[in-house]
Amino acid sequence: MTNILICDDEKDIVNALNIYLVAEGYHTFAAYNGAEALDLLDREEIQLVLLDIMMPQLDGIGVVAKIRAAHNNTPVILLTAKSEDTDKVLGLNIGADDYVTKPFNPVELMARVKAQLRRYLNLGGNLTNPNIVTVGGIQLDDNAKTVSVDGEPVSLTPKEFDILKLLMENRGKVFSSSQIYTQVWQAEAFGAEGTVAVHIRHLREKLEINSAEPRYLKVVWGKGYKIERG
């Protein structure tokens with residue numbers, strides 16, 4: 001049985017999430033503030049946490065920080081309001097794995113829950129491996145030369161793989177087209193901009209749900225490209 005902890009100070013939201021999760025065959029635990037959530041994590045075997053950001057006593061950001069400080073890699077999906085963009089980014093940077101914006105779509109929520117559980121339980125997401133790099137739902141295994149998105153395998157060309165590896169290993173750092181070309185092609189960056197742009201476009205088509213509005217692979221206009229946790 002897969003145990004999921006729901007933590008939100010609004011009981012109606014907890015009840016609604018409980019209905020959706022139980023219908024999918026999951027066992028749930030409920031908490032209504034951050035302190036209760038941490039207590040349950042200490043007492044129960046939890047495989048995933050659905051966590052509201054704005055809560056009394058201890059907010060979601062503080063809960064994520066304490067979970068990761070304890071070297072606990074249990075997946076955490078934040079439940080956020082549209083007005084909480086800054087907190088959402090902070091939570092992801094601290095160690096949350098994904099987010100769902102309220103009011104949430106049950107189908108989208110269940111898809112994100114299943115993706116995080118698949119990565120954590122089936123793909124060794126709870127183990128430390130220096131050859132595996134993870135950014136959000138993207139996982140790159142340098143030994144096996146494989147890439148998956150939300151647990152689903154993605155087929156990349158060798159150059160696409162090398163570009164993605166460079167960006168993922170330097171998450172948040174902006175690389176110009178010339179820098180990417182020099183490091184990946186190991187050659188002078190003559191005509192690099194067009195070549196790199198084509199490969200970036202192909203990567204987006206393979207990695208992003210909507211390549212026109214990418215979550216991970218971002219353009220920094222006039223400077224280059226970077227990857228960040230979506």
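The values are calculated or read from the model by the stated rules, or taken from the named source; none is laboratory data. Treat the numbers as computed from the prediction; the structure is a model and nothing was measured. All Cβ positions, glycine included, derive from the backbone under ideal geometry; neighbour counts span all protein chains shown. For the accessible areas, the whole protein counts, side chains as well, though only heavy atoms, and no ligand, DNA or RNA atoms are used. Shrake-Rupley method; radii C 1.70, N 1.55, O 1.52, S 1.80 Å.
Go through E152, E228 for me and flag whichever is of a type outside the set (A, V, I, L, M), under 30 Å from Q47 (Cβ atoms), open to solvent by 60 Å² or more (accessible area, probe 1.4 Å) and under 15 Å from the mean Cα position of the chain (by Cα).
The conditions single out E152.
For the stretch 176-203, which residues satisfy the criterion of being surrounded by fewer than 19 Cβ atoms within 10 Å (Cβ to Cβ) and either under 21 Å from the mean Cα position of the chain (by Cα) or among the charged types (D, E, K, R) (or both)? Explain how you work it out, then say what you get.
Of the residues in the stretch 176-203, the ones surrounded by fewer than 19 Cβ atoms within 10 Å (Cβ to Cβ) are 176, 178-179, 182-183, 185-191, 193-195, 197-198, 201-202.
Result: E188, E193, R201, H202.
Consider K218 against the criteria (1) modelled with pLDDT of 90 or more; (2) charged (D, E, K, R); (3) in a helix (DSSP H, G or I): it satisfies all of them except one. Which criterion is unmet?
If we test K218 against (1) modelled with pLDDT of 90 or more; (2) charged (D, E, K, R); (3) in a helix (DSSP H, G or I), just (3) comes out false.
Please verify whether the stretch 178-186 includes one or more residues that are touching a Lys or Arg at 6+ places or on another chain (Cβ under 8 Å) and either within 15 Å of T157 (Cβ to Cβ) or at pLDDT below 90 (or both). Don't jump to the end; show me each part of the working.
The first filter runs over the stretch 178-186 and keeps only residues touching a Lys or Arg at 6+ places or on another chain (Cβ under 8 Å), leaving 184-185.
Next, only the ones that are either within 15 Å of T157 (Cβ to Cβ) or at pLDDT below 90 (or both) stay: 184-185.
Among the residues of the stretch 178-186, at least one is touching a Lys or Arg at 6+ places or on another chain (Cβ under 8 Å) and either within 15 Å of T157 (Cβ to Cβ) or at pLDDT below 90 (or both), which makes the answer yes.
All but one of (1) modelled with pLDDT of 85 or more; (2) in a helix (DSSP H, G or I) hold for A96, so report the exception by its number.
(2)
Check L51, L40 and return the single one that is closer than 23 Å to G137 by Cβ and either open to solvent by less than 40 Å² (accessible area, probe 1.4 Å) or acidic (D, E) (or both). Walk me through it before giving the result.
Values: L40 fails: closer than 23 Å to G137 by Cβ.
L51 is the lone residue from the list that is closer than 23 Å to G137 by Cβ and either open to solvent by less than 40 Å² (accessible area, probe 1.4 Å) or acidic (D, E) (or both).
Take R201 and tell me if it is closer than 26 Å to A144 by Cα and modelled with pLDDT under 90. Spell out the reasoning first.
Numbers: closer than 26 Å to A144 by Cα: yes; modelled with pLDDT under 90: no.
Judged against the criteria, R201 is not a match.
Anything in the stretch 20-36 that is in a loop (DSSP other than H, G, I, E, B) and farther than 18 Å from I61 by Cα? List them, or say none. Let's see the steps before the verdict.
Step one: of the stretch 20-36, the residues in a loop (DSSP other than H, G, I, E, B) are 24-26, 32-33.
Result: E24, G25, Y26.
For the stretch 55-93: of the residues being at pLDDT 90 or above and part of a strand (DSSP E or B), which is surrounded by the fewest Cβ atoms within 10 Å (Cβ to Cβ)?
Selected residue: I77.
Exactly one condition in (1) open to solvent by 40 Å² or more (accessible area, probe 1.4 Å); (2) farther than 28 Å from V14 by Cα; (3) within 20 Å of the chain's Cα centre (by Cα) is false for E108; which is it?
Condition (2) is where E108 drops out.
Residues of the stretch 37-54 being assigned to a strand (DSSP E or B) and touching a Gly at 6+ places or on another chain (Cβ under 9 Å), which ones?
Initial filter on the stretch 37-54 (assigned to a strand (DSSP E or B)): 48-52.
Answer for the stretch 37-54, where residues must be assigned to a strand (DSSP E or B) and touching a Gly at 6+ places or on another chain (Cβ under 9 Å): L51, D52.
Among the residues of the stretch 1-34, write down those that are open to solvent by 50 Å² or more (accessible area, probe 1.4 Å) and without any contact (Cβ under 8 Å) to a residue 24 or more places away in the chain.
Hits for the stretch 1-34 are K11, D12, N15, N18, I19, V22, A23.
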